[in-house]
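What follows is a short report on a single structure.
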Amino acid sequence: MGRAFEYRKASKLKRWGHMAKTFTRLGKQIAIAVKAGGPEPENNPALRSVIATCKRENMPKDNIERAIKNAMGKDQSDYKEVTYEGYGSHGIAVFVDTLTDNTTRTVGDVRSVFNKFNGTLGTTGSLAYLFDHKCVFTFKKKDGTDMDDLVLELIDLNVEDEFDEDTEEGTITIYGDPKSYSQIQHFLEEQGFEDIGGEFTYIPNDLKDVDAEVRAVIDKMVERLEEFDDVQNVYTNMKPEE
């Protein structure tokens, strides 16, 4: 079993935040997808993917439609994807993914949290070697699907041979090279899989074990970062609790 897979099984890709925060994050992703490829899901693969993720997160249909409509407005702000990297307490690496229409505001907010928790905000790319950048797809498993055959086909698209299966939800989650995102999505759609939600994530390749006191500090730091509307996801290389 691979290192990244073990991490995912232990942490279940834990995210901090509540439902309203999740809807705000997804609304911004819809805005980016609409501005890049238009408001019609059938003609916009990126938008189809975000909508599938919205459904999986139980985002109401009215919210989705309103986000698409707002993204078409003339006064809608343009969001930029910006990642901030640094160290938290006891040398724990922290990655902060943001979508922002005001980088000055966002970097100020992020830096204030790093300072409050005695962390250090570094330069972009300075901690990239500590994380593997992956694209993630979750989709409904079809009856009769042979996962061994499916995985063999997906390997040609730079997808990992290990996957997560949620038997209660009836879904499969696969992980691959971000550069193959469009190809993977196209393949899954051609194969007739439904509700294909895709996104990107960072998986630590060097997990750090910490005691309960340090864990509490890092968890609080992540929680504080997630309170900002501009913050999409926060990743650390802290070893998950077993």
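The values are calculated or read from the model by the stated rules, or taken from the named source; none is laboratory data. Just so it is clear, the structure is predicted and the values come from calculations on it, not from any experiment. Glycine also receives a Cβ, built like all others from the backbone with ideal geometry; neighbour counts cover every protein chain displayed.
If only one of Gly119, Gly170, Gly125 is closer than 20 Å to Glu57 by Cα and of a type in the set (Gly, Ala, Ser), which one is it? Steps first, please.
Numbers: Gly119 fails: closer than 20 Å to Glu57 by Cα; Gly125 fails: closer than 20 Å to Glu57 by Cα.
None of the others qualify; the one that does is Gly170.
When the stretch 102-119 is examined, which residues are found to be in contact with a helix residue (DSSP H, G or I) (Cβ under 9 Å, 6 or more places away or on another chain), of a type outside the set (Gly, Ala, Ser) and surrounded by 13 or more Cβ atoms within 10 Å (Cβ to Cβ)?
Asp109, Val110, Val113, Phe114, Phe117
Taking the condition in contact (Cβ under 8 Å) with a residue 40 or more places away in the chain, hydroxyl-bearing (Ser, Thr, Tyr), crowded, with 16+ Cβ neighbours inside 10 Å and not in a loop (DSSP other than H, G, I, E, B), does Thr53 pass?
Working: in contact (Cβ under 8 Å) with a residue 40 or more places away in the chain: yes; hydroxyl-bearing (Ser, Thr, Tyr): yes; crowded, with 16+ Cβ neighbours inside 10 Å: yes; not in a loop (DSSP other than H, G, I, E, B): yes.
Criteria met by Thr53.
Testing Ala212 on (1) in contact with a helix residue (DSSP H, G or I) (Cβ under 9 Å, 6 or more places away or on another chain); (2) without any contact (Cβ under 8 Å) to a residue 24 or more places away in the chain; (3) not polar (S, T, N, Q), one condition comes back false. Which one is that?
Only one criterion in (1) in contact with a helix residue (DSSP H, G or I) (Cβ under 9 Å, 6 or more places away or on another chain); (2) without any contact (Cβ under 8 Å) to a residue 24 or more places away in the chain; (3) not polar (S, T, N, Q) is unmet by Ala212, namely (1).
Against the definition (at pLDDT below 95, hydroxyl-bearing (Ser, Thr, Tyr) and closer than 16 Å to Lys134 by Cβ), how does Thr167 come out, yes or no? Talk me through it step by step, then tell me what you get.
Details: at pLDDT below 95: yes; hydroxyl-bearing (Ser, Thr, Tyr): yes; closer than 16 Å to Lys134 by Cβ: no.
So Thr167 does not fit the description; no.
Answer yes or no: is there a residue in the stretch 216-226 that is part of a loop (DSSP other than H, G, I, E, B) and basic (Lys, Arg). Let's see the steps before the verdict.
Keep residues of the stretch 216-226 that are part of a loop (DSSP other than H, G, I, E, B), which gives none.
Checked the stretch 216-226: no residue is part of a loop (DSSP other than H, G, I, E, B) and basic (Lys, Arg).
Gln76 fails exactly one of the following numbered conditions: (1) at pLDDT below 90; (2) assigned to a helix (DSSP H, G or I); (3) surrounded by 13 or more Cβ atoms within 10 Å (Cβ to Cβ). What is the number of that condition?
Status for Gln76: all satisfied but (2).
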